[in-house]
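Written below as structure tokens is the structure these notes are about.
We did not get these values from a lab; they are worked out from the coordinates using the rules stated. This is a predicted model, so every value here is computed, not measured. All Cβ positions, glycine included, derive from the backbone under ideal geometry; neighbour counts span all protein chains shown.
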Ligand SMILES: NC(=O)c1ccc[n+]([C@@H]2O[C@H](COP(=O)([O-])OP(=O)(O)OC[C@H]3O[C@@H](n4cnc5c(N)ncnc54)[C@H](OP(=O)(O)O)[C@@H]3O)[C@@H](O)[C@H]2O)c1
């Protein structure tokens with residue numbers, strides 16, 4: 001397989017980053033597909049010399065075809081390639097989705113190709129260093145028994161560590177990653193917005209060490225890593241937070257309340273802090289939530305603040 005030809009259908013962020021990593025591991029990338037001008041430009045930049053072809057041409061000349069298209073498009077792209085005769089016995093067809101398993105590749109399987117689901121547990125936002133983050137990470141792998149060695153070999157060639165995930169568990173696996181990683185972006189961006197509104201010139205300088213240490217502690221200790229007013233049962237502090245957020249950055253109120261209540265409920269379940277104090281926090285947050293629109297987007301002024309004033313410098317009062 002290592003010397004086999006790899007084709008990439010979908011020259012987006014992951015397709016081109018994995019293409020670069022595969023080239024670095026000694027694989028030959030024989031073609032990549034791109035429709036938009038942005039994708040074509042990305043392919044030329046990241047995979048210079050690799051021909052930009054149609055999906056059919058890419059698959060027809062590859063022994064391994066990577067379908068790095070959005071999750072919702074994998075099954076239809078796979079079906080089109082299978083129907084057009086671009087996939088055949090002896091070929092491998094792989095996608096990089098975390099949430100999907102082998103079912104979305106069933107039309108490739110039906111024409112005798114071997115399906116692989118290989119999800120890099122990493123974020124690829126499209127920056128120049130994306131491909132550098134492939135080595136050393138976990139890849140969630142689902143593959144039929146006869147393809148296990150090949151799937152593991154591919155991941156190891158990329159410097160990754162294969163972690164087997166059952167077909168039935170892939171969606172839950174991916175939901176977990178979204179909770180832990182995508183939501184972290186939202187939380188951090190919201191915190192930087194509030195610091196900006198407080199006049200802090202460089203929010204990242206304050207948040208960086210705090211967030212990194214908290215993350216390390218949480219990875220090691222789970223809920224036990226919790227510190228702060230919820231664990232201490234400081235209802236007055238939490239009440240003051242909510243009042244000042246309502247006044248200064250109202251867009252952040254629903255999220256603050258909802259996250260704080262989840263935090264308080266987990267603290268109770270994990271026996272953190274004084275139960276009676278934490279229960280008072282839960283009651284207070286529940287009451288505040290019942291008096292707060294569930295979403296900032298229901299208020300046009302607040303929605304405008306989220307979109308147009310990401311660092312919160314404007315005074316909306
Ligand atoms: N980004 C991440 O952090 C990340 C991490 C791990 C796994 N993944 C997985 O990687 C896969 C790709 O995600 P991505 O973030 O790389 O998406 P992306 O940057 O939006 O790239 C998707 C590519 O697919 C192409 N495409 C869309 N629909 C198509 C179709 N019907 N036929 C042919 N090409 C089509 C797009 O082409 P045009 O631009 O030309 O329209 C684009 O180049 C997904 O399964 C995702 O779950 C993503």
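Evaluate Rg over Rh across the chain, taking Cα atoms for both radii and Kirkwood's formula for Rh.
In the chain, Rg relative to Rh is 1.06.
Ranked highest first by the average count of other Cβ atoms within 10 Å around their residues, in what order do 34-44, 108-118 fall?
108-118, 34-44
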Next item on the list: Give, in nm to one decimal, the length gained when the segment between residue 202 and residue 227 is fully stretched (0.36 nm per residue of separation minus the Cα-Cα distance).
Entry: 6.6 nm
Notebook entry, point to check: Using the count of nearby Cβ atoms within 10 Å as a rough guide to exposure, how do 139, 205, 259 rank from fewest to most?
Noted result: 205, 259, 139
Check: Using 7 Å Cα-to-Cβ label points, what is the residue 275/residue 216 separation (nm, one decimal)?
Finding: 3.5
Note to self: Counting other beta carbons within 10 Å of each residue's own, what order do 132, 152 fall into, fewest first?
What the structure shows: 132, 152
Item checked: Highest-MSF residue in the chain out of 96, 175, 276 [GNM, Cα springs under 10 Å] -> 276
Margin query: Only counting other Cβ atoms within 10 Å, I'd like 95, 241 sorted with the fewest neighbours first.
Written below: 241, 95
Check: Computed over the Cα atoms of the range 5-165, what is the convex hull's projected area averaged over all directions, in nm²?
Finding: 7.9
Check: For the chain, what does -39500 (n - 2.57) per DSSP helix run (n ≥ 4), summed and divided by total residues, give at 222 nm, in deg cm²/dmol to the nearest 500?
Finding: -15000 deg cm²/dmol
Note to self: So the label point goes 7 Å from the Cα of residue 295 along Cα→C-beta, right? Which residues of the range 214-254 then have their backbone N under 20 Å from it?
What the structure shows: 250-254
Notebook entry, point to check: Between the range 168-209 and the range 109-165, what is the C-alpha centre distance in whole Å?
Noted result: 26
Item checked: Tail fraction, Cα-Cα pairs, the range 173-308, threshold 20 Å, whole percent -> 52
